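A short worksheet on the structure shown next.
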Number of protein chains: 2
Amino acid sequence: MDVSIINIGDELLLGQVVNTNAATMGRMLVEAGMEVKRTVVVGDVYDDIWQAVDEAIHSSDAVLVTGGLGPTKDDITKKLLCDYFHSELVESPVALENVRRIFAVRGFELTPVNRAQALVPKCCEVLNNDLGTAPCMLFNSEFQKLNFEKGDTLQNSKSKIQNSLLVSLPGVPFEMEWLMENRVIPRLREHFRTDVIVNKNILVQGIGESFLSDLIEPWELALPENIRLAYLPAAGMLKLRLTCRGEKNSSLLTPHSPLLEGLYALAGQYIVGEDCETLSELVHKTLTERGLTLATAESCTGGSIASALTAQAGSSAYFKGGVVAYSNEVKESALGVKHSTLEAHGAVSEATVREMAEGARQRLGADLAIATSGIAGPGGGTTEKPVGTIWIAVATPSGTEAVLLSFPGRRRQQNVECTVNQGFAMLMKTVRSEGK
Amino acid sequence: MDVSIINIGDELLLGQVVNTNAATMGRMLVEAGMEVKRTVVVGDVYDDIWQAVDEAIHSSDAVLVTGGLGPTKDDITKKLLCDYFHSELVESPVALENVRRIFAVRGFELTPVNRAQALVPKCCEVLNNDLGTAPCMLFNSEFQKLNFEKGDTLQNSKSKIQNSLLVSLPGVPFEMEWLMENRVIPRLREHFRTDVIVNKNILVQGIGESFLSDLIEPWELALPENIRLAYLPAAGMLKLRLTCRGEKNSSLLTPHSPLLEGLYALAGQYIVGEDCETLSELVHKTLTERGLTLATAESCTGGSIASALTAQAGSSAYFKGGVVAYSNEVKESALGVKHSTLEAHGAVSEATVREMAEGARQRLGADLAIATSGIAGPGGGTTEKPVGTIWIAVATPSGTEAVLLSFPGRRRQQNVECTVNQGFAMLMKTVRSEGK
């Protein structure tokens, strides 16, 4: 079954807000076994929204619309859907009760403007929005028929509309996400009887997309028909996602299955972990499970390693802290890097990055430490050490390892992101190889 | 003039990648005086892309297409545009030279697959992509006419196409952004002779959107017709953007103009700075200009302050370094917070955050230091100190100030982002009030 998404809002077109809703909805629908065919973003303009709704409803099984449900006058979705479905606005007791409840929790008085949030087209079904006052509205052919007495475009059309659903959701991300999970997707699955979907993520590092594709080609070509492989590149790493549609073969995606072992046989040396979305999530899970603590000593990554880890709830269980040693003085004073080392080898050198990692491990009292020092650019490069020359070290109780990365021709942000991911991969390999 | 954007890629529909390109392009076009009418996202499917291109080209003055230009077989944009414009693929000497140059820089050998990147439809003009191997291609009616001998849909249509432009760009964000700025927007402005646009950003902190809107209403209502005001909320702050279309009244947006003074008279106490996109950029500019150095001591923000600053090239001029003091031991050992302070007041307290700021300033040898300590959530809250209880301190040579923030009911990421921005605003106010 095909889904079309319509996100309404001037702020999206003007680029004031990044449209994360489309990605969130896409991901949730895919995980529920549905396919998104098209996403359209239009502004708060009646004709533009009408056209997008009309196109979508005639080409998809389900249409999900977000935005334009607020109480202010630039929010016109409700009025438009009312016109489109030849209905009239009525006060929904369910929606009104919800608005009253939310205002009571917030301790605000219910004004007429807010009460108007409970007005909905008569032909829709209200799906209760537990997190906000804007109603979530479902329109389907059953409801529509009740309201189509006059010959109208919908009944006369040769389109799919008689079997299709349209759902209007608020654009506030956390309300939309809650409604998708708890109200919309269950209704879509019930209505369209979709397949079960099983996903499996495999994190890969140290090999480019095209080289990996060549390496695992025989394995990929032998995948069962209902298992699909996607290559999802991120900075300095790749995520492979296997998706199984339907019950059949889904057991092939359980850990250590023959199918997965076949992948390891070809590319195992590049596989860093499974079942995580990101390498920072993998580090988080692994260190938490193994009861190992970590400290960081960051120069060129400037705090990005620490902030990626601490973005995850519960990171205080293993993350002791870190030093962002941007200047040489701080490398000496906070991490104990020797002045003579900096003089002899410079800040971007194997000797320095090793002392940074060892200093962080000892001074911050952690089992493991990771350190970075490099030239992120655009300035600061020399002939011997051009922009993109970056050292990473990982210190453990049994020793310290350092590697030199080289990213010629990349930009500052890429250099930082690649270093963070390669650092996480190196940390995971070290933990595994030491059996920690 | 109206612009339509088409972003191509399965990964966008599946929600594996958030479509930041649409927002970036929207923002850049608005700043250049153009309006985005609609954004469409479609997968790597020939018919879906064709339909989106055909709809857009018949309803907009310019169509910008991103994605589907890679060397692998799922990238079909070039082939499709070649078919759509009844052209043929030829090797472009300009594009080939660019591919050669980039491979030489990276030190890789040029393979046939990579050489194929230089194939483009004969009817297009190549806009050189300095940052990547995928070509940027411009199609306009002049070029099209040369290639339309047979009666075809384009020539026969009653559409705007004879005056319209279509540009195909790579989907890689930094390549797209560079091309938009340096190649595409200049061409669009030249072709459509758009108005001069002057933008003015004003960063505001400490007041909510609706309260600010009430406060400055008389000033806003008196704005000249060709000056528009937008409220752009971000975490814990607001950006006001004034946009002047055309030469007339543009001098009203120069510093200290009567128009701006009128805004300061009403809301000056909330204005943190001007002419920056973000507060981190304002801190960067201000500290660089004034020759002041900074150190950080972060607990709940976990390195986000340091990484926001070091994301900007040149930050080593003022940023000495920082400590991410997640555990109490690190607060003591790396920042010199007294054990007795932590025992008596806890980590999330005014006393601790003051000692953190002072410790960072002294130990890392900076003029100024900023410190954060709080409960980001979702766990760790108590009745006296619920999730969202956060202390910030700023230390200077003349003393230390601390403030308590309280964000009830927010999520971890919001708490961190709001704290970072409020911290930057506090730092700027301190620098200004001390005349540093």
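Of the helices (runs of 4 or more DSSP H) lying entirely inside segment B:1-108, those containing at least 1 residues that are polar (S, T, N, Q) span B:20-31, B:46-57, B:77-84, B:93-106. Does B:ALA376 fit the bill of being in a helix (DSSP H, G or I), in contact (Cβ under 8 Å) with a residue 24 or more places away in the chain, hydrophobic (A, V, I, L, M, F, W, C) and more than 19 Å from B:GLU401 (Cβ to Cβ)? The answer is no for B:ALA376. Within this structure, A:GLU289 passes the test of being away from chain B (no Cβ under 13 Å), charged (D, E, K, R), free of Cβ contacts under 8 Å to residues at least 40 places away in the same chain and not in a loop (DSSP other than H, G, I, E, B). Criterion first (within 14 Å of chain B (Cβ to nearest Cβ), of a type outside the set (Lys, Arg), in contact (Cβ under 8 Å) with a residue 40 or more places away in the chain and in contact with a Lys or Arg (Cβ under 6 Å, 6 or more places away or on another chain)) does A:VAL416 satisfy it? No. Evaluated against (1) closer than 22 Å to A:ALA52 by Cβ; (2) modelled with pLDDT of 90 or more; (3) in a loop (DSSP other than H, G, I, E, B), A:LYS158 falls short on exactly one condition, (2).
Looking only at segment A:330-362, which residues are among the basic types (Lys, Arg) and either crowded, with 24+ Cβ neighbours inside 10 Å or more than 35 Å from the chain's Cα centre (by Cα) (or both)?
If the condition is that a residue be among the basic types (Lys, Arg) and either crowded, with 24+ Cβ neighbours inside 10 Å or more than 35 Å from the chain's Cα centre (by Cα) (or both), then A:LYS331, A:LYS338, A:ARG361 are the ones that fit.
Close Cβ contacts (under 6 Å, 6 or more residues apart or on different chains) running from residues in segment B:37-50 that are facing another protein chain (nearest Cβ under 8 Å) to residues that are acidic (Asp, Glu) comprise B:LYS37/B:ASP2; B:VAL42/B:ASP48; B:GLY43/B:ASP10.
Is it the case that A:THR301 is more than 14 Å from chain B (Cβ to nearest Cβ), farther than 30 Å from B:ASP44 by Cα and polar (S, T, N, Q)? So A:THR301 does not fit the description; no. Total residues in segment A:200-214 satisfying the condition of being exposed (fewer than 15 other Cβ atoms within 10 Å of the Cβ) and either in contact (Cβ under 8 Å) with a residue 40 or more places away in the chain or not assigned by TED's automatic domain parsing to the domain that holds A:PRO255 (or both): the figure is 0.
Would you check if A:SER257 is among the hydroxyl-bearing types (Ser, Thr, Tyr) and either closer than 23 Å to A:GLU358 by Cα or surrounded by 18 or more Cβ atoms within 10 Å (Cβ to Cβ) (or both)? Spelling it out, it is not the case that A:SER257 is among the hydroxyl-bearing types (Ser, Thr, Tyr) and either closer than 23 Å to A:GLU358 by Cα or surrounded by 18 or more Cβ atoms within 10 Å (Cβ to Cβ) (or both).
Out of segment B:84-111, which residues are more than 14 Å from every other protein chain (Cβ to nearest Cβ) and β-branched (Val, Ile, Thr)? Listed by number, the residues that qualify are B:VAL90, B:VAL94.
Within the bounds of segment A:355-366, is there any residue that is free of Cβ contacts under 8 Å to residues at least 24 places away in the same chain and small (Gly, Ala, Ser)? No. Counting only residues that are part of a helix (DSSP H, G or I) and either within 24 Å of A:GLU417 (Cα to Cα) or at the interface with another protein chain (Cβ under 9 Å from one of its Cβ atoms) (or both), segment B:304-345 holds 15 of them. Is it the case that some residue within segment B:393-406 is touching a helix residue (DSSP H, G or I) at 6+ places or on another chain (Cβ under 7 Å), in a strand (DSSP E or B), of a type outside the set (Ser, Thr, Tyr) and in contact (Cβ under 8 Å) with a residue 60 or more places away in the chain? No, segment B:393-406 contains no residue that is touching a helix residue (DSSP H, G or I) at 6+ places or on another chain (Cβ under 7 Å), in a strand (DSSP E or B), of a type outside the set (Ser, Thr, Tyr) and in contact (Cβ under 8 Å) with a residue 60 or more places away in the chain. If you go through segment A:215-243 and keep only what is in contact (Cβ under 8 Å) with a residue 24 or more places away in the chain, farther than 17 Å from A:GLY262 by Cα and over 16 Å from the mean Cα position of the chain (by Cα), you end up with just A:GLY236.
The values are calculated or read from the model by the stated rules, or taken from the named source; none is laboratory data. Since this is a predicted model, take the numbers as computed values, not measurements. Quick reminder, even Gly has a Cβ in these numbers, built from the backbone with ideal geometry, and neighbours come from all protein chains shown.
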